[in-house]
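Chemist: Starting off with a structure, shown below.
The values are calculated or read from the model by the stated rules, or taken from the named source; none is laboratory data. None of the values given here were measured: they were computed from a predicted structure. All Cβ positions, glycine included, derive from the backbone under ideal geometry; neighbour counts span all protein chains shown. These area figures cover heavy atoms from the full protein model, side chains too; ligands, DNA and RNA do not enter into them. Shrake-Rupley method; radii C 1.70, N 1.55, O 1.52, S 1.80 Å.
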Amino acid sequence: PKCGYRAILPEEEKILYCPVAGCDSESCRFCGGKPHLPLTCSEVEHDLEQTNHRTKMEEAMTAARLRVCEDCGKHYFKTSGCNRVQCACGALLCYVCGNKIDGYGHFCQQAHCNHECCGKCLLYSDSVDDDSRAVKKAGLRFIHQGLSDDVALEAYMTEFA
């Protein structure tokens, strides 16, 4: 506890409740920090800066799943169908690249094309895969822009490569 009181606790007790008058603190018997049951000491983030970096990266990754209309600024996402999306304001958008488009000419019309040569977007793709790529890209961009120097975050992101 804060007051320096020392005690030997029974094995089944994980939290020390300080009996010293005026102290009234509670602490984990193993790490000395605030009680954190049911989490183990290693599962608790004690470093506020690390927590802030992780939170900012998660927010960037979550935002990557949402697309934004260039015309009205509304957010949208696709659950099924083709990648030509029409916003409520009437703008035609490509779900893959996020750009405003004129119509179906934006999309590749060749069967079995790998799209590296044509440079066009797929008309149909799995929205879960599209979102996963966008989220991963946002996380890696966050790391590579120097917004996070946490090696654990980078290892986490490269695991999904």
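Chemist: Using the Kirkwood formula over every pair of different C-alpha atoms, what hydrodynamic radius in Å results for the stretch 62-107? Please list the in-between numbers first.
Modeler: Working: mean 1/r = 0.0935 Å⁻¹.
Across the stretch 62-107, the inverse of the average 1/r is 10.7 Å.
Chemist: Ratio of Rg to Rh for the stretch 38-115, alpha carbon only, Kirkwood?
Modeler: Values: Rg = 19.1 Å, Rh = 15.7 Å.
Computed over Cα atoms, the ratio is 1.22.
Chemist: I want to check the label-to-label distance for CYS3 and LEU122. Put each point 7 Å from Cα in the C-beta direction and report it in nm to one decimal.
Modeler: Output for this residue pair reads 6.5 nm.
Chemist: Quick check for you: with a 1.4 Å probe and neighbouring chains kept, what is the accessible area per residue of the chain, in Å²? Before the final figure, lay out each step's value.
Modeler: Details: 11100 Å² over 161 residues.
About 69 Å² of surface per residue is accessible.
Chemist: Please work out how much length the chain gains when fully extended from ARG29 to HIS144, using 0.36 nm per residue of separation minus the C-alpha to C-alpha distance, in nm with one decimal.
Modeler: Extending this stretch completely gives an extra 37.5 nm.
Chemist: Under a plain spin-label model, where a point goes 7 Å from the Cα along Cα-to-Cβ, how far apart in nm are GLU11 and ARG133?
Modeler: 5.5 nm
Chemist: While we're looking at this one, here's another question. May I ask for the angle, rounded to the nearest 10°, between helix 127-142 and the longest principal axis of the chain, with both axes built from Cα atoms and the value confined to 0 to 90°?
Modeler: The angle comes out at about 60 degrees.
Chemist: If R₀ is 41 angstrom, what is the calculated FRET efficiency for the pair GLN86 and ASN52, using the beta carbon separation as r and rounding to 0.05?
Modeler: On the way: r = 38 Å, r/R0 = 0.93.
Between GLN86 and ASN52 the formula returns 0.60.
Chemist: So, in the chain, how many Lys pairs have Cα atoms under 29 Å apart, if the pair is 8 or more places apart or on different chains?
Modeler: Lysine pairs satisfying the spacing and distance rule in the chain number 22.
Chemist: On to the next question. Taking the C-alpha atoms of the chain, how large are the radius of gyration and the largest Cα-Cα span, Dmax, in Å?
Modeler: Here Rg and the maximum Cα pair distance are 25.0, 79 Å.
Chemist: Still on this structure, I have one more. Round to the nearest 0.05 the FRET efficiency obtained for ASN114 and TYR76 when R0 = 22 Å and r is the Cβ-Cβ distance.
Modeler: Values: r = 28 Å, r/R0 = 1.26.
Once rounded, the FRET efficiency stands at 0.20.
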